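Laboratory data are not the source of any read-out in this text; all were calculated from the coordinates shown. Computed from a predicted model, the values in this text were never measured in an experiment. Cβ coordinates were reconstructed from backbone atoms using ideal geometry, including for glycine residues, and neighbour counts include every protein chain displayed.
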Amino acid sequence: MRTPIIAGNWKLNKTVDEALALAKDLKGQLSDLTDVEIIIAPPFTALAPLASTLTDSPIVLAGQNCFPSEGAYTGEISPALLRDVGCRAVIIGHSERRQLFAEQDDFINQKVKAALATGLKVIFCIGETLTERNENRTFEVLEKQIRMGMSGLDSAAMTRLTVAYEPIWAIGTGQTASNEQAQEAHHFIRGLLSQLFDVSTAEATRILYGGSVKPDNIDGLMHQADIDGALVGGASLKACDFIRIARYKRC
């Protein structure tokens, strides 16, 4: 059995005070969950205060991004610094990093390796654009992103990596891949992982869906065989919405 993950990516939202208020709500309402892993990724400015607030809580603190090296890289943050401030995980390869900041697969691979080497868990994001889907290139795009982004990893490293499938056309648009579309992509990803590693590794790897996840669509998504959780954007900014998503209805 794969333990589901519900992860909230707060992106560039929440002041420190707002982040603390939301984290306290989540800690109070979700700390009893023992069969779902909860992860939140606030802005960098809120990481240290939230690390203190989440002490003695099962909620995992994550960074939204990292740089693969330390040194003269103004404006960046390394995996070691994320760990130092209390993070146990990091999101890498988010579509906004790929599209807005032109991050390429080989650079994303460097970040994945650096984060894993530092002891962080990785949420590794992949996904196709609307044009790529309309051109029937979804699987081609996903395979390239996985092969290049995971290059050099072994089965041991995969125990600390979670894949997040985010169809770019569904992120922040209000559109959501149908349950069938999401399952089809997740099934393909798991099959590819079995080829790159082995069947047991593929079966143990958790694959999340990301793309306009809301309280009213989480139940259907979570009923799919290969969907092991969600990477939630806008709905993670409201305690009531994120709590409902984390407490999705089981089969």
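Does any residue of segment 198-217 turn out to be farther than 22 Å from Val36 by Cα, without any contact (Cβ under 8 Å) to a residue 12 or more places away in the chain and of a type in the set (Asp, Glu)? Within segment 198-217, none of the residues are farther than 22 Å from Val36 by Cα, without any contact (Cβ under 8 Å) to a residue 12 or more places away in the chain and of a type in the set (Asp, Glu).
Matching residues to (1) polar (S, T, N, Q); (2) more than 24 Å from Ser57 (Cβ to Cβ):
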position: Ile77; (1), (2): no, no
position: Gln99; (1), (2): yes, yes
position: Asp106; (1), (2): no, yes
position: Lys113; (1), (2): no, yes
position: Thr138; (1), (2): yes, yes
position: Leu142; (1), (2): no, yes
position: Gly152; (1), (2): no, yes
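You will find that of Phe139, Phe197, the residue that is over 18 Å from Asn9 (Cα atoms), more than 16 Å from the chain's Cα centre (by Cα) and surrounded by fewer than 17 Cβ atoms within 10 Å (Cβ to Cβ) is Phe139 and no other.
Hey, does segment 79-91 have a residue that's more than 16 Å from the chain's Cα centre (by Cα) and farther than 25 Å from Leu26 by Cβ? Scanning segment 79-91, I find at least one residue that is more than 16 Å from the chain's Cα centre (by Cα) and farther than 25 Å from Leu26 by Cβ, so the answer is yes.
This table checks each residue for (1) within 18 Å of the chain's Cα centre (by Cα); (2) not acidic (Asp, Glu).
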{"residue": "Glu132", "(1), (2)": "no, no"}
{"residue": "Ala156", "(1), (2)": "no, yes"}
{"residue": "Thr159", "(1), (2)": "yes, yes"}
{"residue": "Ala164", "(1), (2)": "yes, yes"}
{"residue": "Ala170", "(1), (2)": "yes, yes"}
{"residue": "Thr176", "(1), (2)": "yes, yes"}
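Within segment 152-179, which residues are loosely packed, with under 14 Cβ neighbours inside 10 Å and more than 24 Å from Asn9 (Cα to Cα)? Within segment 152-179, Gly152, Asp154, Ala156 qualify. Contact map, segment 101-113: first residue of a type outside the set (Lys, Arg), second residue part of a loop (DSSP other than H, G, I, E, B) and surrounded by fewer than 18 Cβ atoms within 10 Å (Cβ to Cβ), Cβ cut-off under 6 Å, separation 6 or more or different chains; pairs are Asn109/Ser151.
Close contacts from segment 170-190, counting a first residue that is farther than 14 Å from Ile126 by Cα and a second that is part of a loop (DSSP other than H, G, I, E, B) and among the polar types (S, T, N, Q), with Cβ to Cβ under 8 Å and a gap of 6+ residues or different chains, come to Gly172/Ser212; Thr173/Ser212; Gly174/Ser212; Gln175/Ser212; Thr176/Ser212; Thr176/Asn217; Asn179/Gln224; Gln183/Gln224.
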